[in-house]
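Okay, so here's the structure we're looking at.
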Amino acid sequence: MKRKFPRLAALAVALALAVSMVLPAAAADAATVETAAQEAMTYAATYGQAVSIQYALWQDGEITAAGGSGVYSKTENRALTEDILYGVGSVSKIYTTVAVMQLAEKGKVNLDAPVTRYLKDFKMADPRYEDITVRMLLNHSSGIMGTGLSGAVLFDDTDPSATDGLLEALATQRLAAAPGEYSVYCNDGFTLAELVVEAVSGMDFMDYVRSNILSPAGLSSTFAPGDDFDTSRLAKTYTGSDTRALPQDCLTAVGAGGMYATASDLASFGGALTGTQLLKTSSLEAMAYPEYSRGVWPDDTLDSLAYGLGWDNMALYPFCQSGITALAKGGDTLRYHAALVVLPEYDMAAAVVSSGGVSTYNQMAAGKILIAALAEEGVTVDESIPALPEAVSAAMPQEMKDYAGYYASTTVQYKVEISDDGTLTLHCTTYPVSVPDQAFTYCSDGTFRDAAGSAALSFVEEDNGETYLHQKAVSPLPGLGGLPTSNYAAVKLADNAVTPELQSVWDDLLTMSLLPMDEKYDSQIYLALGEAVGEVPDSIPGYMGAARITDETAALFAARVPGTGGRDGMDYHLEDRSGITWVSVGQSAYMDLAGAPELFTGSGWAYTTVQSDGYARWYQVGAAAGKTMTVQVPQDAGFWVYNADGTVAASSVLWGDTAVTLPEGGLVVFAGDPGARFHLRFAA
């Protein structure tokens, strides 16, 4: 049986979202906020397949409504009470932004000063790093490649090494874009901002947050991994249909996405940003300024993203249709999902948090709750779904054919073909089997429309010299409203002629199953392997996915896309080690599955030791299939066993397993501190 472990394209996908199209019937008009909230949560939980979901509404200084649905645990008879905590993911960035703004108010930080003024050891392998300002960290325009969080996403482990080692990691990285050129989501920028807070204040980041944000705002149910709190308050998380709860979800890059909170505490934090309890009015207004407009950005901003300082959006649909300022921030870890929406003019804030689910749906649910609360005050929000501008099919100017070619974002690449009759065919090269080709027809306004007239594609030649594929659509979601899209989906890849032999080197890599070698034993990456299985992409001439092939050892990230299309860029470096292919992706190392030897069972016992290089020890089950392996696990170490389809069959980290019947066609990995020795026994 062919093993279905992640191919290179799948490694770029942080979260694959599969939305069920079997939806509940549209909700009736809500008579009360509580009714509206319960209905909105039902829809958000259904769309996102959440295990549990909670909400809270803050108005005029207090929580006026709160509730939840789902289960705290699939196996424990425990109520889902309002004191249950959830990871808020990237909503943590708002706490970080507030901390920086407070220091700016005190004259200790200048937003437009270079980061090097505050972090003396900050260096990069790109001289332009000296132009990165503190503001650019908060508005995502630093040009830093993206996310160095692989060592920060752990199970039941508060190790801060990823944050502590960020400056060292960045020292060898280049920039993906010039500082300030455009805003593209960047977690590392906020980890740097966290370090700026520590350097300037002289305090540990969470000590600063507790003293200057949580305590003044009366927030007693907001924590970070490593804080002293009852971890049983954390909502249980799961993988797939397994009823066994996973260990504590720890994202240790706290300033970028690691905080926990109850729905009420998160809504109350948002409420504190409707007044001057934490920041001056001038600072709040600065956070809500359209920072995205300082760089390359689509003219049409009716999208879920339009960055301020920290905020994902300051003109959230549908509130913007009624002239109401709505500030929004969403957050996702691999297990938790959260959204915060604030209406500063009306002293309102709503938070929706969940175990499982998707932050986008949580944000839409928070919007529905606020719409119901405004209705009780006699304020009506125009919830009509904006239609695309009128256009009819038309003869296409032949110069439009010049836009044909390959387009790329970080995670998805396309081949665009344009025929003489004005038909645009969009072929997804990343998922050539599961994503069917789409046809669009040229129309009188210069866009290409789909058959339903619900989506429009166009091409934009921007000031930075790039040509972007622009997409515009509004997707109606019954019960939650509409989800508008108006963004640059991908950038046109420049021609890059390489020899057939060189192309073959990188095309071969696309078909390999790659194994992580330097992840900590309790990294969530080991579980994500089985959840990110990808199909073999089509080859793009001169490229390996979104990376431009330079030679037989390097392919460099080339998807310079504002918004999220260019987030988490990755350079790839190949190395042949004794006939086995290794690839470095950012700061992480992967090895071809062919380098994993068959598991040796000896005369019924064996051992394996993590060497001084710290690399994980991978083995193919081979002839040991069907035998029961018992493992003596050393301290600061763990093992994982995978079925042939990539799913986890056993794990000392997840479930405390010490024995497993080895699956046919499976894999085993042992990881831990250098010198960790695993003693193994095998029985038929």
Checklist line | Tally of residues being in contact (Cβ under 8 Å) with a residue 24 or more places away in the chain, of a type outside the set (Lys, Arg) and farther than 29 Å from Ser651 by Cβ across the range 240-281 | finding: 18
Margin query: If I ask for residues that are surrounded by fewer than 17 Cβ atoms within 10 Å (Cβ to Cβ) and part of a loop (DSSP other than H, G, I, E, B), which ones from the range 539-567 would you list?
Written below: Ser539, Pro541, Thr550, Asp551, Glu552, Thr553
Item checked: Selected residue [over 24 Å from Lys74 (Cβ atoms) and either more than 22 Å from the chain's Cα centre (by Cα) or open to solvent by 10 Å² or more (accessible area, probe 1.4 Å) (or both)] from Gly258, Gly271 -> Gly271
Check: What number of residues in the range 511-522 are more than 13 Å from Tyr590 (Cβ to Cβ) and open to solvent by less than 10 Å² (accessible area, probe 1.4 Å)?
Finding: 1
Margin query: Anything in the range 323-342 that is touching a residue at least 12 places away in the same chain (Cβ under 8 Å), over 19 Å from the mean Cα position of the chain (by Cα) and more than 14 Å from Ile369 (Cα to Cα)? List them, or say none.
Written below: Ile324, Thr325, Leu327
Margin query: So Cys320 passes all but one of these: (1) in contact with a strand residue (DSSP E or B) (Cβ under 8 Å, 6 or more places away or on another chain); (2) under 17 Å from Ile94 (Cβ atoms); (3) free of Cβ contacts under 8 Å to residues at least 40 places away in the same chain; (4) not in a strand (DSSP E or B). Which condition number does it fail?
Written below: (2)
Notebook entry, point to check: Would you pick out the residues in the range 448-465 that are surrounded by fewer than 20 Cβ atoms within 10 Å (Cβ to Cβ) and charged (D, E, K, R)?
Noted result: Asp450, Glu461, Glu462, Asp463
Note to self: Among the numbered criteria (1) modelled with pLDDT of 95 or more; (2) surrounded by fewer than 24 Cβ atoms within 10 Å (Cβ to Cβ), which one does Met364 miss?
What the structure shows: (2)
Margin query: So, Pro484, is that one in a strand (DSSP E or B) and open to solvent by less than 30 Å² (accessible area, probe 1.4 Å) or not?
Written below: yes
Notebook entry, point to check: So Glu76 clears everything in (1) at pLDDT below 95; (2) open to solvent by 60 Å² or more (accessible area, probe 1.4 Å); (3) touching a Leu at 6+ places or on another chain (Cβ under 9 Å); (4) not small (Gly, Ala, Ser) except one condition, right? Which one?
Noted result: (3)
Next item on the list: Go through the range 145-165 and count every residue that is assigned to a loop (DSSP other than H, G, I, E, B), in contact with a Lys or Arg (Cβ under 8 Å, 6 or more places away or on another chain) and not β-branched (Val, Ile, Thr).
Entry: 4
Checklist line | Meets criteria (of a type in the set (Phe, Trp, Tyr), under 25 Å from Met512 (Cβ atoms), assigned to a loop (DSSP other than H, G, I, E, B) and touching a strand residue (DSSP E or B) at 6+ places or on another chain (Cβ under 6 Å)) for Phe600 | finding: yes
Note to self: Please determine whether any residue of the range 190-203 is assigned to a loop (DSSP other than H, G, I, E, B), under 15 Å from Leu137 (Cβ atoms) and at pLDDT 95 or above.
What the structure shows: no
Checklist line | Scan of the range 375-398 for residues that are more than 34 Å from the chain's Cα centre (by Cα) and farther than 27 Å from Gly563 by Cβ, ordered by number | finding: Glu376, Glu377, Gly378, Val379, Val392, Ser393, Ala394, Ala395, Met396, Pro397, Gln398
Note to self: If Ile144 meets every condition in (1) out of contact with any Asp or Glu (no Cβ under 8 Å at 6 or more places or on another chain); (2) crowded, with 18+ Cβ neighbours inside 10 Å apart from one, which number is that one?
What the structure shows: (1)
Checklist line | the range 250-285, residues that are closer than 17 Å to Gly331 by Cα, touching a Leu at 6+ places or on another chain (Cβ under 7 Å) and assigned to a loop (DSSP other than H, G, I, E, B) | finding: Thr252, Ala253, Gly258, Thr262
Next item on the list: Would you check if there is a residue in the range 451-464 being part of a strand (DSSP E or B), closer than 23 Å to Tyr182 by Cα and without any contact (Cβ under 8 Å) to a residue 12 or more places away in the chain?
Entry: yes
Next item on the list: Would you be able to say whether some residue in the range 169-191 is in contact with a helix residue (DSSP H, G or I) (Cβ under 8 Å, 6 or more places away or on another chain) and free of Cβ contacts under 8 Å to residues at least 40 places away in the same chain?
Entry: no
Item checked: Exclusive hit being more than 30 Å from Thr410 (Cβ to Cβ) and touching an Asp or Glu at 6+ places or on another chain (Cβ under 6 Å), set Gly626, Gly672, Gly666, Gly602 -> Gly672
Next item on the list: State which residue pairs qualify: first residue part of a helix (DSSP H, G or I) and crowded, with 17+ Cβ neighbours inside 10 Å and inside the range 110-129, second residue modelled with pLDDT of 95 or more and among the aliphatic types (A, V, I, L, M) in any location, beta carbons under 7 Å apart, and separation of 6 or more residues or different chains.
Entry: Val115/Ile132; Val115/Val134; Val115/Leu137; Val115/Leu192; Val115/Val196; Tyr129/Leu175
Checklist line | Residue among Asp420, Asp495, Asp450, Asp445 that is in contact with a Phe, Trp or Tyr (Cβ under 6 Å, 6 or more places away or on another chain) and charged (D, E, K, R) | finding: Asp450
Next item on the list: Among the residues of the range 334-354, write down those that are buried (at least 24 other Cβ atoms within 10 Å of the Cβ), touching an Asp or Glu at 6+ places or on another chain (Cβ under 9 Å) and not hydrophobic (A, V, I, L, M, F, W, C).
Entry: Arg335, Tyr336
Notebook entry, point to check: Does Ala217 count as open to solvent by less than 10 Å² (accessible area, probe 1.4 Å) and touching a helix residue (DSSP H, G or I) at 6+ places or on another chain (Cβ under 8 Å)?
Noted result: no
Check: So how many residues does the range 277-319 have that are of a type in the set (Phe, Trp, Tyr), touching a Ser or Thr at 6+ places or on another chain (Cβ under 6 Å) and open to solvent by 30 Å² or more (accessible area, probe 1.4 Å)?
Finding: 1
Margin query: Out of the strands (runs of 3 or more DSSP E) lying entirely within the range 331-441, which hold 2 or more residues that are among the charged types (D, E, K, R)?
Written below: 413-418
Check: With respect to the numbered conditions (1) open to solvent by 30 Å² or more (accessible area, probe 1.4 Å); (2) assigned to a helix (DSSP H, G or I); (3) closer than 29 Å to Gly356 by Cα, which one is the sole condition not fulfilled by Ala245?
Finding: (2)
Item checked: Qualifying positions in the range 43-94 - small (Gly, Ala, Ser), farther than 24 Å from Gly479 by Cβ and assigned to a strand (DSSP E or B) -> Gly87
Margin query: For the structure I just gave you, tell me whether Asp207 is assigned to a helix (DSSP H, G or I), within 27 Å of Glu466 (Cα to Cα), out of contact with any Pro (no Cβ under 8 Å at 6 or more places or on another chain) and of a type in the set (Asp, Glu).
Written below: no
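The values are calculated or read from the model by the stated rules, or taken from the named source; none is laboratory data. Values in this document were obtained by computation on a predicted structure and should not be read as measured data. No Cβ is skipped: glycine too gets one built from the backbone with ideal geometry, and neighbour counts run over all protein chains shown. SASA here: full protein model, heavy atoms, side chains in, ligands and nucleic acids out. Shrake-Rupley method; radii C 1.70, N 1.55, O 1.52, S 1.80 Å.
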